[in-house]
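Peer 1: If you scroll down you'll find the structure; I have some questions about it.
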């Protein structure tokens, strides 16, 4: 008895599946950058108008890093300690014994978190939809 199979469609599927992580990764990069920029802008808006720290909002920046396909993307958002009034970040966000907090980073993160989750879901759906 002889059994023969034809595997070209399976090979084609394997090739397409190999592209999914890279397509998803590209979309994840976009989601991280978009959200990090949104958090930065919102934090700056929430921190503006502090009389004793007028330059502090401009110290809020973000950096992102691509760790590679399958490893992820990261972003760090907050005051740059090397910028004017940047070192005030922890004092302003959380307050001190003598000063009330000016919450701006936490609320900005809360505001943008749902959008970030939606962006990740879209990245996954787009990558799978390309099959």
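The values are calculated or read from the model by the stated rules, or taken from the named source; none is laboratory data. Computed from a prediction, not measured in an experiment: that's the story for all the values here. Neighbour counts are summed over all protein chains in view; Cβ atoms, including those assigned to glycine, are modelled from backbone coordinates with ideal geometry.
Peer 1: Look at residue 46 and say whether it is surrounded by 13 or more Cβ atoms within 10 Å (Cβ to Cβ) and without any contact (Cβ under 8 Å) to a residue 60 or more places away in the chain.
Peer 2: No, not satisfied.
Peer 1: So which of 65, 31 ends up being under 21 Å from residue 120 (Cα atoms), under 19 Å from the mean Cα position of the chain (by Cα) and assigned to a helix (DSSP H, G or I)?
Peer 2: 31
Peer 1: Also: Select, from 54, 114, 87, the only residue that is modelled with pLDDT of 90 or more, surrounded by fewer than 18 Cβ atoms within 10 Å (Cβ to Cβ) and assigned to a helix (DSSP H, G or I).
Peer 2: 114
Peer 1: Right, something else. Considering only residues that are more than 22 Å from residue 38 (Cβ to Cβ) and touching a helix residue (DSSP H, G or I) at 6+ places or on another chain (Cβ under 7 Å), look in the range 62-80 and name the one that is modelled with the lowest pLDDT.
Peer 2: Filtering the range 62-80 for residues that are more than 22 Å from residue 38 (Cβ to Cβ) and touching a helix residue (DSSP H, G or I) at 6+ places or on another chain (Cβ under 7 Å), the one modelled with the lowest pLDDT comes out as 70.
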